[in-house]
1. Using modelled backbone amide H atoms (1.01 Å from N, in-plane), which distant-in-sequence or interchain residues come within less than 5 Å of MET99's amide H?
2. Between the range 173-226 and the range 3-28, what is the C-alpha centre distance in whole Å?
3. Where in the range 1-43 does the label zone of ASN84 land, with the point 7 angstrom along Cα→C-beta and an amide N cut-off under 11 Å?
4. Output the pairs from LYS7/LYS48; LYS48/LYS126; LYS7/LYS147; LYS48/LYS207 with a Cα-Cα distance over 30 Å in this structure; if there are none, say none.
5. Applying a 10 Å radius around every beta-carbon, put 165-176, 224-235 in order of their mean neighbour count, most first.
6. Please rank PHE246, PHE90, fewest neighbouring Cβ atoms within 10 Å first, as an exposure proxy.
7. Residues of the range 9-46 with backbone nitrogen within less than 14 Å of a virtual label 7 Å along the Cα-to-Cβ line of ALA194, please, listed as ranges.
8. Which whole-Hz couplings ³J(HN,Hα) result when phi for each residue of the range 213-220 is put into the Karplus expression 6.51 cos²θ - 1.76 cosθ + 1.60, θ = phi - 60°, listed in order with x for Gly and Pro?
Amino acid sequence: MGQLDGKIAVVTGGSEGIGAATAGRFASEGATVFISGRREAELDSAAKAINAQNRGGQAIAVRCDVSVLADLDRLYARVKDHSNRIDVLFANAGVAELMRLGDITEEHFDRTFGINVRGLLFTVQKALPLLSDGASVILPSSIAASKGLEAASVYNATKAAIRSFTRTWAAELAGRGIRVNAVSPGPIETPGLAGLTADPAQARMLKDLQLTHMPLGRMGDPGEVAAAVLFLATDASSYTTGAELFVDGGLAQV
Ligand SMILES: NC(=O)c1ccc[n+]([C@@H]2O[C@H](COP(=O)([O-])OP(=O)(O)OC[C@H]3O[C@@H](n4cnc5c(N)ncnc54)[C@H](OP(=O)(O)O)[C@@H]3O)[C@@H](O)[C@H]2O)c1
């Protein structure tokens, strides 16, 4: 028996990285998982890969850019038609770009806040009518919310905003039995992390810098974040809300 048998889940940014691993884990635990992303081909192949596993659940791909409110309406209309409820929402979609304070542009600020903060807020707000009583909402914060990682002030601030949303929405939604928690990964091997810099020397330096301070001495795997998100998604975490679960090899902890 799967931990999410019969449950309806939505994972934004479900075509790659942490979102894809989590959607796959949810489906393997019996859930029907709606996955979204901007690039249709990547999204469809992620859904196909999950469905090929055929482990009880299924993935349904719906193209949606979370920074476009009409796209969110379309995503939730599809969920409403199919299932008329959401039991688990992982508002995972997010982007990261390195830029030092002196170089920050309006475009960089607007793009990063537009997806990570504005897009996430409306992802959750527009899900409210469909969220079942007792649903679980999981938000993607990061160790970046509590560390001063250089050249990432805008990204770090978006993740601190998400940490703050977690507390407020946990309070606002507790009356409906809806729990809201944040997952805060450290460096996880994903296309997003690999794409942070096009310069291989800078990428190596970033990795070495993180590993030097990493108690577990290695990068994380998306499946390790998926396991933590699964815990927050199920009744195993029934008394946990407003919390931040770090999955960071100890990087921000010691
Ligand atoms: N990897 C890490 O080390 C790490 C650490 C801490 C926190 N996080 C957070 O964890 C989340 C996932 O990170 P990741 O590394 O797995 O990222 P990733 O490999 O870049 O994957 C991001 C996913 O989100 C989708 N996406 C991006 N912008 C979107 C938008 N506007 N609307 C809908 N989907 C969108 C992407 O698909 P499309 O491009 O096709 O839209 C892709 O499926 C992010 O919120 C990130 O900030 C990651």
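1. ALA152, SER153
2. 18
3. Within reach of a label on ASN84, which here means backbone N under 11 Å from a point 7 Å along Cα→Cβ, the range 1-43 contributes nothing.
4. On the way: LYS7/LYS48 20 Å; LYS48/LYS126 27 Å; LYS7/LYS147 35 Å; LYS48/LYS207 32 Å.
Pairs exceeding 30 Å: LYS7/LYS147; LYS48/LYS207.
5. On the way: 165-176: 15.9, 224-235: 20.8.
Result, highest mean first: 224-235, 165-176.
6. On the way: PHE246 19, PHE90 30.
Ordered by Cβ neighbours within 10 Å, fewest first: PHE246, PHE90.
7. 16-18
8. 9, 8, x, 7, x, 7, 6, x
The numbers here are math on the coordinates, done by the rules we state, and not lab data. On a predicted model such as this, the values are computed, not experimentally measured, just so you know. For neighbour counting, all protein chains shown are included, and Cβ atoms are generated from backbone atoms with ideal geometry for every residue, glycine included.
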